[in-house]
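Here's the structure we're looking at; comments come further down.
The values are calculated or read from the model by the stated rules, or taken from the named source; none is laboratory data. All values derive from a computational prediction rather than experimental measurement. Here the Cβ is made from the backbone with ideal geometry for all residues, glycine too, and neighbour counts use every protein chain on show.
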Amino acid sequence: MRLVLIADTHLPKRARDLPAPVWSAVADADVVVHAGDWVEPALLDALSARSRRLIGVYGNNDGPELRARLPEVARADLDGLRLAVVHETGPKERREQRCAARFPDTDLLVFGHSHIPWDSVAPGGLRLLNPGSPTDRRAQPYATYLTARVVAGQLDAVELHRLP
């Protein structure tokens, strides 16, 4: 199962559209995960139409229309991999411990908010991934997104992609 992980797209405030490489990855993916801060519903509609399966949450910059359509926390079983998605996880200090306590029955937590790519493992084995942002790199050297695979209930081939 092929995954695309994105967050903090901030469309159309930070960009008019997702970069072409992200749309290409979406076309190849079995599951697209968006960890919030869409800003306008048009991207939700476009990703819903172009994704085989879309899992998303709202973020702090998402207004009432997006909040009415998306949960604060999403959970899914991806061929045995227990996924949770949330926008904010709080400060980076003790993030792994906080998230392990908040998501005890989860194998993979995808989050956003900081626009900073993150890949770590909490005590107990919870994997935490933040794809950064494909449209608003802020202080990062590159705009980014992640791809990964789920094989026999295990996360595999996690790759951070840099965008020009």
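Brief remarks on what is shown
- Selected residue [surrounded by 17 or more Cβ atoms within 10 Å (Cβ to Cβ) and touching a Pro at 6+ places or on another chain (Cβ under 8 Å)] from Ala25, Ala42, Ala35, Ala29: Ala35
- Of the criteria (1) within 22 Å of Thr144 (Cβ to Cβ); (2) assigned to a loop (DSSP other than H, G, I, E, B), which one Glu93 fails: (1)
- Taking the conditions (1) touching a Leu at 6+ places or on another chain (Cβ under 6 Å); (2) on the phi < 0 side of the Ramachandran plot; (3) surrounded by fewer than 19 Cβ atoms within 10 Å (Cβ to Cβ) in turn, Cys99 satisfies each one other than (3).
- The one condition in (1) more than 22 Å from Leu155 (Cα to Cα); (2) surrounded by fewer than 16 Cβ atoms within 10 Å (Cβ to Cβ); (3) in contact with a strand residue (DSSP E or B) (Cβ under 9 Å, 6 or more places away or on another chain) that Asp62 fails to fulfil: (2)
- Residues that are among the β-branched types (Val, Ile, Thr), modelled with pLDDT of 95 or more and part of a strand (DSSP E or B) occur in region 57-77; there is at least one.
- Restricting region 28-46 to residues that are part of a loop (DSSP other than H, G, I, E, B) and at positive phi, the residue that is farthest from the chain's Cα centre (by Cα): Asp37
- Qualifying residue in region 104-111 (condition: assigned to a loop (DSSP other than H, G, I, E, B), touching a residue at least 24 places away in the same chain (Cβ under 8 Å) and aromatic (Phe, Trp, Tyr)): yes
- Test: residue in region 119-126 that is in contact (Cβ under 8 Å) with a residue 60 or more places away in the chain and buried (at least 20 other Cβ atoms within 10 Å of the Cβ): no
- Residues in region 127-150 that are without any contact (Cβ under 8 Å) to a residue 60 or more places away in the chain and surrounded by 12 or more Cβ atoms within 10 Å (Cβ to Cβ): Arg127, Leu128, Arg137, Arg138, Gln140, Tyr142, Thr144.
- Test: residue in region 152-160 that is crowded, with 22+ Cβ neighbours inside 10 Å and under 13 Å from the mean Cα position of the chain (by Cα): no
- Residue check, Ala25 outside any strand (DSSP E or B) and in contact (Cβ under 8 Å) with a residue 12 or more places away in the chain: yes
- Of the numbered criteria (1) of a type in the set (Gly, Ala, Ser); (2) surrounded by fewer than 14 Cβ atoms within 10 Å (Cβ to Cβ); (3) in a loop (DSSP other than H, G, I, E, B), the one Ala49 fails is (3).
- Per-region count, region 2-20, residues surrounded by fewer than 15 Cβ atoms within 10 Å (Cβ to Cβ) and modelled with pLDDT of 95 or more: 2
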